[in-house]
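Peer 1: The following block contains the structure, expressed as structure tokens.
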Amino acid sequence: MAPDSAAAHSNLGNLLLDQGQPALAESHYLKALELDSSLAIPHNNLGSIYARTNRPTDAAARYRQAIANDPGYVDAYANLGGVLKDLGQVEEALNMMIRGLEIDPESLLCHNNLLFIQNYLAEQSGEQLLADARRFGEVAARLAKPYTDWPNPPDPARPLRVGLVSGDLGHHPVGFFLEGVLSELTTRAGDRLAFFAYSHRLEEDATSQRLRACCQGWLKTLGLSDEALARRIRDDRIDILIDLAGHTSGNRLAMFAWKPAPVQVSWLGYFATTGVAAMDYFLADPWTLPPEQEPFFTEQVWRLPETRLCFTPPDSQAQVNVLPALARGYVTFGCFNNLSKMNDAVVRLWAQVLQAVPNSRLLLKYRQLADASVRQRTAERFALHGISAQRLVFEGHSSRSDYLAAYHQVDIALDPFPFPGGTTTVEALWMGVPVLTLQGDRFLARQGVGLLMNAGLPEWVAADAQGYVRRASAHASDLPALAALRSRLRQQVLASPIYDAPRFAQHFETALRSIWQLWCQDRVGSHRE
């Protein structure tokens, strides 16, 4: 009826994007802009398509044009900040979030992105992070009408209904950490724990299907308001509701402010306080969260006895190979983490490592490196510290099997800071590659400490930057010891707490039962009063 309606093409693009048809959506956005170049939404959404398809530079250009067309378009600032973070321009990314919040102080998207981006910056104080998280919590609380009573009988011994809320219930690190544990809990505690998933995810894959098979209920939450989702969770009579996302992409954290379940817990997918007053507990472990850090959490900290993370062994035939340095004659360091974690301090320290180990190389592998401008900028950053491009190897995205096989090129993995690896660390260990980590002071910065101590590798934890270089040099200079460690490391970590799902499941079930019993005691006590 109106084939030249720019608005219709733009809106059709939105619907197609929501339905998982980005290529078709892109054609309608481009048509909309051909008809009316002053529109902002098509530029913003083209940016989102390009960001998803590993074209961050193109995405940033589209977001900037959206802002130029509509300077008050808050979501475009939030999205631009996200892609600038991916490009390693973290300070500018943070400024975009601040600008967005100046325009709309109640933008949950900007608040979420601000908190997430801050984790990449070493100089952020615990006080500042807590204050910003509380601001998010205050906004979420103002938008919510929290429940104050629930139909859940306060029986400490009855079977529990446990809800899992996440946008990452699939082929994603959260899915990888969750799958083995959930399968084990379903097998060993199926009569005591029933799981219900609330998935804020459009696509489902093989990992999603395996997770779904462990759950008695599975609800897709896309399109549901926080109020509607909270009502559904309460109607499902969930006893303990677990957020697996925190301030990461696709979260439903604001919904937790509605308090749809009597007990609410933050676990797995995030590494700092949520700032949501209605979140009761934060699951940690003895290594990652020292007692002096507890004041920086709005939640009550509950420590699992060994580790807060337990990984599912990869479904891959990739075998551990012989130490590559033995044949090459030089050591190859590697890092497969998000390039955004490689701040200037990390580049400087890794350059010192390369200088301390003659002829060594550094292999960086992440999807951002498919972009030629990112590769060029990364090489220039190392050149400032005297490291030539010939000592750097860049690889972009690959399938998971090829990704794991890429560890065949790596002798020692280097952990970034203050945002160390999680999935990358446990996968490297599984491939026989030890990871050198720098001990930090706050929860996130100690994630590597928790994993390596539980893996039985205390000699791979450095207390400071000098120790990091010293340990890297010492390990690299003893190839026989490095080769021997490589040959036994997979078996060692598979027997450790970070891969032992039955052991972790027992600790996890005990924690859930304990916090439920505390709620029951409080409930019965308050009724007596």
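Peer 1: Write out, first by first residue and then by second, each pair whose Cβ atoms fall under 6 Å of each other, whose residues are 6+ apart or on separate chains, and whose first residue, in region 63-84, is within 22 Å of Leu115 (Cα to Cα) while the second is at pLDDT below 95 and open to solvent by less than 20 Å² (accessible area, probe 1.4 Å).
Peer 2: Partner pairs satisfying both residue conditions: Val83/Pro56.
Peer 1: Quick check on this structure: which one of Arg55, Arg64 is open to solvent by 60 Å² or more (accessible area, probe 1.4 Å) and farther than 22 Å from Gly100 by Cβ?
Peer 2: Just one listed residue meets the conditions, Arg55.
Peer 1: If you scan region 20-51, which residues turn out to be closer than 25 Å to Asp86 by Cα and part of a loop (DSSP other than H, G, I, E, B)?
Peer 2: Selection gives Gly20, Gln21, Ala40.
Peer 1: While we're on this one: So which residues in region 89-109 are more than 21 Å from Ala254 (Cβ to Cβ) and buried (at least 24 other Cβ atoms within 10 Å of the Cβ)?
Peer 2: Result: Ala93, single match.
To keep it simple, each residue is scored yes or no on (1) over 25 Å from Ala483 (Cβ atoms); (2) modelled with pLDDT under 95.
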residue: Val331; (1), (2): no, no
residue: Gly334; (1), (2): no, no
residue: Pro358; (1), (2): no, no
residue: Leu362; (1), (2): no, no
residue: Lys365; (1), (2): no, no
residue: Leu369; (1), (2): yes, yes
residue: Val374; (1), (2): yes, yes
residue: Ala379; (1), (2): yes, no
residue: Ala383; (1), (2): yes, no
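Peer 1: Here is a further query. Tell me whether region 218-228 contains one or more residues that are part of a helix (DSSP H, G or I) and open to solvent by less than 10 Å² (accessible area, probe 1.4 Å).
Peer 2: Among the residues of region 218-228, not one is part of a helix (DSSP H, G or I) and open to solvent by less than 10 Å² (accessible area, probe 1.4 Å), which makes the answer no.
Peer 1: List every residue pair whose Cβ atoms sit under 8 Å apart, with the two residues 6 or more apart in sequence or on different chains, where the first one lies in region 42-59 and is within 9 Å of Glu26 (Cβ to Cβ) and the second, anywhere, is among the hydrophobic types (A, V, I, L, M, F, W, C) and open to solvent by 30 Å² or more (accessible area, probe 1.4 Å).
Peer 2: Qualifying pairs under 8 Å: Leu46/Leu30.
Rundown of residues vs (1) under 24 Å from Leu115 (Cβ atoms); (2) crowded, with 24+ Cβ neighbours inside 10 Å; (3) among the hydrophobic types (A, V, I, L, M, F, W, C), yes/no style:
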position	(1), (2), (3)
Arg252	yes, no, no
Phe256	yes, yes, yes
Pro305	no, no, no
Gln319	no, no, no
Ala327	no, no, yes
Asn338	yes, no, no
Lys341	yes, no, no
Ala351	no, no, yes
Pro358	no, no, no
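Peer 1: For Ser166, state whether it is among the hydroxyl-bearing types (Ser, Thr, Tyr), within 27 Å of the chain's Cα centre (by Cα) and farther than 25 Å from Ile240 by Cβ.
Peer 2: no
Peer 1: Which members of region 1-33 meet the condition of being over 31 Å from the mean Cα position of the chain (by Cα), touching a residue at least 24 places away in the same chain (Cβ under 8 Å) and open to solvent by 70 Å² or more (accessible area, probe 1.4 Å)?
Peer 2: Listed by number, the list holds a single entry, Asp4.
Peer 1: Limited to region 400-417, what total is found for residues that are over 19 Å from Val320 (Cβ atoms) and open to solvent by 10 Å² or more (accessible area, probe 1.4 Å)?
Peer 2: Qualifying residue count for the region: 1.
Peer 1: Quick one: in region 52-86, of everything that is closer than 14 Å to Cys110 by Cβ and assigned to a loop (DSSP other than H, G, I, E, B), which residue is farthest from the chain's Cα centre (by Cα)?
Peer 2: By that ranking, first place goes to Gly72.
Peer 1: Right, another one. Could you tell me which numbered condition Arg161 fails, if it satisfies all but one of (1) under 30 Å from Ile98 (Cα atoms); (2) open to solvent by 10 Å² or more (accessible area, probe 1.4 Å)?
Peer 2: (1)
Peer 1: Does any residue of region 135-144 turn out to be aromatic (Phe, Trp, Tyr), over 20 Å from the mean Cα position of the chain (by Cα), closer than 20 Å to Glu299 by Cα and modelled with pLDDT of 95 or more?
Peer 2: Checking region 135-144: not a single residue is aromatic (Phe, Trp, Tyr), over 20 Å from the mean Cα position of the chain (by Cα), closer than 20 Å to Glu299 by Cα and modelled with pLDDT of 95 or more.
Yes/no per residue for (1) out of contact with any strand residue (DSSP E or B) (no Cβ under 9 Å at 6 or more places or on another chain); (2) on the phi > 0 side of the Ramachandran plot; (3) surrounded by 13 or more Cβ atoms within 10 Å (Cβ to Cβ):
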residue	(1), (2), (3)
Asp464	no, no, no
Val469	no, no, yes
Ala472	no, no, yes
Pro480	yes, no, no
Ala484	yes, no, no
Arg490	yes, no, yes
Tyr499	yes, no, yes
Ile515	no, no, yes
Asp522	yes, no, no
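Peer 1: Restricting to region 260-271, give me the number of residues that are more than 17 Å from Thr423 (Cα to Cα) and either assigned to a loop (DSSP other than H, G, I, E, B) or free of Cβ contacts under 8 Å to residues at least 24 places away in the same chain (or both).
Peer 2: Initially, region 260-271 is screened for residues more than 17 Å from Thr423 (Cα to Cα), giving 260-266.
Checking the rest, the ones that are also either assigned to a loop (DSSP other than H, G, I, E, B) or free of Cβ contacts under 8 Å to residues at least 24 places away in the same chain (or both) come to 260-262.
Summing the residues that are more than 17 Å from Thr423 (Cα to Cα) and either assigned to a loop (DSSP other than H, G, I, E, B) or free of Cβ contacts under 8 Å to residues at least 24 places away in the same chain (or both) in region 260-271 gives 3.
Peer 1: If you don't mind, another one. Search region 232-278 for residues being of a type in the set (Gly, Ala, Ser) and under 16 Å from Tyr147 (Cα atoms), and hand back the single one that is nearest to the chain's Cα centre (by Cα).
Peer 2: First pass over region 232-278, keeping only residues of a type in the set (Gly, Ala, Ser): 245-246, 249-250, 254, 257, 261, 266, 269, 272, 275, 277-278.
Next, from what is left, pick out any that are under 16 Å from Tyr147 (Cα atoms): 254, 257, 261, 277-278.
Values: Ala254: 18, Ala257: 21, Ala261: 24, Ala277: 22, Ala278: 22 Å.
Per the stated criteria, the residue is Ala254.
Peer 1: From the set of residues in region 229-239 that are surrounded by fewer than 20 Cβ atoms within 10 Å (Cβ to Cβ) and in contact (Cβ under 8 Å) with a residue 40 or more places away in the chain, which is farthest from Gly167 (Cα to Cα)?
Peer 2: Within region 229-239, the match that is farthest from Gly167 (Cα to Cα) is Arg237.
Peer 1: Specify which of the listed residues (Asp191, Asp155, Asp149) is under 22 Å from Arg503 (Cα atoms), acidic (Asp, Glu), part of a loop (DSSP other than H, G, I, E, B) and open to solvent by 20 Å² or more (accessible area, probe 1.4 Å). Steps first, answer last, please.
Peer 2: On the way: Asp155 fails: under 22 Å from Arg503 (Cα atoms); Asp149 fails: under 22 Å from Arg503 (Cα atoms).
None of the other options fit; the residue is Asp191.
The values are calculated or read from the model by the stated rules, or taken from the named source; none is laboratory data. No experiment lies behind these values; they were computed from the predicted model shown. When we count neighbours, we look across all protein chains shown, and the Cβ atoms used for this are built from the backbone with ideal geometry, even at glycine. Note: accessible area is taken over every heavy atom of the protein model, side chains too, but ligands, DNA and RNA are not part of it. Shrake-Rupley method; radii C 1.70, N 1.55, O 1.52, S 1.80 Å.
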